[in-house]
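Peer 1: Mind having a look at this structure? Questions to follow.
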Amino acid sequence: MSRPALEVRDVTKTYVGHPPTPVLHGVDLSVGAGERVAIFGSSGSGKSTLLNILGLLDVPTSGAYDLLGQDTCALSSSTRAKHRASALGFVFQEHHVLGARTVAENLAIKLAISGVGRRGRADLVRDALTQVGLTHRRNAPGRLLSGGEKQRLAVARAILTQPPVLLADEPTGNLDRANADNILDLFDSQARKGVAVVVITHDPTTARWADRALELDGGRLRLGAHG
Amino acid sequence: MNVMDLMHDVLVEIHTRRARTTLLVAAIALSTGALVGAVSISRMAAVQIDTDLAATATRTIVVTPASQEGPASALAVPAGAVFPSDAEAAVTSLPLVEAAGLRQDLTTRGAAVLRARDPVDGPEVTGLTVAGVSAGYLDAVELDAVPTAWMLDGTDRVVLLGAKAAESLDVPVSQDPTGHGVWLNGIRYPVVGFLTGDPALSSTVVVPYGLVTQMLGTDAGASLTVLTAPGGAGPVASVVRTAVRPDLPASLATSIVVDAAGARRGVATQLDRLVAWIGGLLLALTMLLIANAMVVAVMSRTPEIGLRRAMGASRRNIASLVLCEGATAGVVGGLAGAALAAVLVVATAVVNGWTARVDPVLLAVAPVFGLAAAALASVYPAARAAAVQPATAVRSD
């Protein structure tokens with residue numbers, strides 16, 4: 001059996017405060033390369049917290065998290081940043097497109113952060129825009145894109161450096177059905193290339209699209225009804 | 001993220017947020033311009049005040065016989081007839097008087113032949129003044145203390161040499177002049193000291209006042225120099241003749257010597273302090289303005305900063321971005337401020353009828369000042385930006 005792209009074991013997360021807020025309780029999850037996993041659950045169930053841990057934006061209170069076979073819990077802040085730049089692609093519900101920058105510039109920022117040389121950027125930007133169908137909008141400011149275009153740009157940004165893991169938080173939440181299907185098709189194409197795709201969703205259609213749909217309920221993860 | 005990427009990002013951000021950048025640059029320009037302008041105007045005012053003071057500031061009074069008609073009539077006046085032996089003591093006891101001393105030049109009253117070595121056949125040294133002065137005279141002309149000055153109050157044949165006089169007479173200036181002497185009218189005078197602190201006495205061979213008076217047999221060519229406290233020249237001048245010659249004050253004349261150097265130094269020092277205070281306050285104001293603007297900018301960009309962090313930017317990357325933005329705005333603001341200051345200085349000069357003086361060094365320093373102030377003021381906003389938690393910043397709820 002090949003090594004999973006990501007694996008969390010008995011992960012808990014409690015936010016400090018008075019009183020402390022426990023969010024995740026002994027979560028186990030393993031996602032292989034090319035696998036599509038959907039995690040759904042009600043608001044406050046801990047979906048975003050789990051995604052933040054998987055995306056190295058947050059650290060678990062206890063438990064282990066291996067990304068591409070490497071234990072991430074003891075990594076320094078700067079090393080975690082480097083892993084985010086190289087191993088992970090994010091798609092947020094609020095696409096976070098920089099409205100004042102052009103489509104190409106939005107992508108170039110990601111490449112600059114990832115340390116890709118200026119010479120190689122044009123090809124990567126062109127490839128990514130081709131994949132998401134935004135080549136014609138290359139020089140348009142982000143603020144002039146439609147909702148569907150912004151989300152496709154967010155996907156292009158996430159897959160730009162061809163990371164082995166793609167994480168998406170409600171990627172279709174603000175889209176109509178056609179645009180939502182479009183985004184899921186893009187995820188499909190990534191999965192076929194061996195990218196592990198984890199999607200947080202409220203949308204039953206998105207949950208059914210996944211190879212596995214897991215429900216996060218009261219901070220515990222279990223196989224969902226859609227799976 | 002390399003430097004090119006960083007600068008590209010900075011320039012795009014500055015271009016993108018034109019309104020904020022314009023306000024920031026304007027704040028820096030205003031502060032820098034005000035600072036450079038204030039410094040320039042203060043300096044200009046200092047020069048103007050200095051010029052005005054040069055015409056008015058006085059501390060020195062010179063008392064002379066009412067009529068000095070030449071050697072023939074002077075010889076008829078016996079020694080001590082003009083300035084009694086207690087003249088110095090009488091004047092120094094007056095309020096506001098700091099020092100007083102007598103002087104009579106031998107060179108102008110009779111033959112004074114100076115030779116460096118041979119008393120008879122050696123070459124005559126010319127171009128020097130031989131002056132008889134009292135010890136109090138050196139204090140009255142504010143000369144640095146000379147350890148052997150007390151000898152000037154006697155009648156021993158000794159000399160003190162000014163720097164040029166020593167050079168002309170082949171006497172090396174040193175701490176210990178023992179063994180050196182000059183020949184005055186065929187008589188050897190040992191050198192007992194040097195007067196190196198006052199350029200006015202540089203070409204002077206100083207001998208005791210009493211000796212010169214003895215040699216001439218008269219004090220008709222003498223003068224009494226009086227140094228007063230600042231502002232004391234007028235009051236002292238009105239009573240000094242009576243103090244010296246209570247019996248015949250009309251036999252003396254007084255003149256107030258314009259000597260603004262001390263007052264100039266005082267005014268310049270005060271103005272420099274004023275400028276330092278203004279500069280310090282403006283510096284603080286500038287940095288506060290910049291820091292405030294940058295903090296607001298960072299807060300408004302929290303989602304973007306969070307996104308950058310989520311995409312893999314390190315805390316250092318984020319801090320560098322904010323610092324470079326601030327520094328770039330600082331340089332641009334500094335340049336604009338320099339231009340503003342130049343206009344301000346010229347306008348002030350024109351309005352007040354002064355001579356415009358724009359210090360090019362100050363103008364050149366303005367962009368550097370803008371850069372340094374903005375970079376320093378951006379440290380805290382940069383730290384705040386670097387501390388943005390990506391997980392919180394990119395939350396949608």
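Peer 1: How about the range A:121-177: which of its residues are over 15 Å from the mean Cα position of the chain (by Cα), buried (at least 20 other Cβ atoms within 10 Å of the Cβ) and assigned to a loop (DSSP other than H, G, I, E, B)?
Peer 2: A:Leu134, A:Leu145, A:Leu175
Peer 1: Of the conditions (1) within 23 Å of B:His15 (Cβ to Cβ); (2) in contact (Cβ under 8 Å) with a residue 40 or more places away in the chain, A:Ser86 clears all except one; give me its number.
Peer 2: Here A:Ser86 meets the rest and fails (1).
Peer 1: Any idea how many residues of the range B:331-355 are over 18 Å from B:Ala27 (Cβ atoms) and surrounded by 14 or more Cβ atoms within 10 Å (Cβ to Cβ)?
Peer 2: 6
Peer 1: OK, next. Are there helices (runs of 4 or more DSSP H) fully within the range A:32-118 with at least 2 residues that are under 14 Å from the mean Cα position of the chain (by Cα) and within 13 Å of chain B (Cβ to nearest Cβ)? List them.
Peer 2: By residue number, A:47-54, A:77-87.
Peer 1: Additional query: Only residues that are within 27 Å of A:Asn106 (Cα to Cα) and of a type in the set (A, V, I, L, M): list them for the range B:310-355, please.
Peer 2: Listed by number, the residues that qualify are B:Ala310, B:Met311, B:Ala313, B:Ile318, B:Ala319, B:Leu321, B:Val322, B:Leu323, B:Ala327, B:Ala329, B:Val332.
Peer 1: Here's something else I'd like to know. For A:Ala100, work out the one condition from (1) at pLDDT below 90; (2) out of contact with any strand residue (DSSP E or B) (no Cβ under 8 Å at 6 or more places or on another chain) it doesn't fulfil.
Peer 2: Every listed condition holds for A:Ala100 apart from (2).
Peer 1: Would you confirm, using the coordinates I've provided, whether B:Val130 is modelled with pLDDT of 70 or more and in the same structural domain as B:Tyr189 (by TED's automatic domain parsing)?
Peer 2: When the stated conditions are applied, B:Val130 passes them.
Peer 1: Residues that are modelled with pLDDT of 65 or more and polar (S, T, N, Q): does the range B:69-80 have at least one?
Peer 2: No, that holds for no residue.
Peer 1: Looking at B:Pro381, B:Pro303, which is the one that is surrounded by fewer than 22 Cβ atoms within 10 Å (Cβ to Cβ), in a helix (DSSP H, G or I) and in the same structural domain as B:Ser42 (by TED's automatic domain parsing)?
Peer 2: B:Pro303
Peer 1: Please indicate, with yes or no, whether at least one residue in the range B:384-396 is surrounded by fewer than 18 Cβ atoms within 10 Å (Cβ to Cβ) and free of Cβ contacts under 8 Å to residues at least 60 places away in the same chain.
Peer 2: yes
Peer 1: Next question, about the same structure. Any residue in the range B:285-305 that is more than 14 Å from chain A (Cβ to nearest Cβ) and under 30 Å from the mean Cα position of the chain (by Cα)?
Peer 2: The answer is yes, given that some residue of the range B:285-305 is more than 14 Å from chain A (Cβ to nearest Cβ) and under 30 Å from the mean Cα position of the chain (by Cα).
Peer 1: Just to be sure before I move on: is A:Pro141 closer than 11 Å to A:Val97 by Cβ and not basic (Lys, Arg) in the structure I sent?
Peer 2: Yes.
The values are calculated or read from the model by the stated rules, or taken from the named source; none is laboratory data. Given the structure is predicted, the values throughout are model-derived calculations rather than measurements. Cβ: placed from backbone, ideal geometry, glycine included. Neighbour counts: every protein chain shown.
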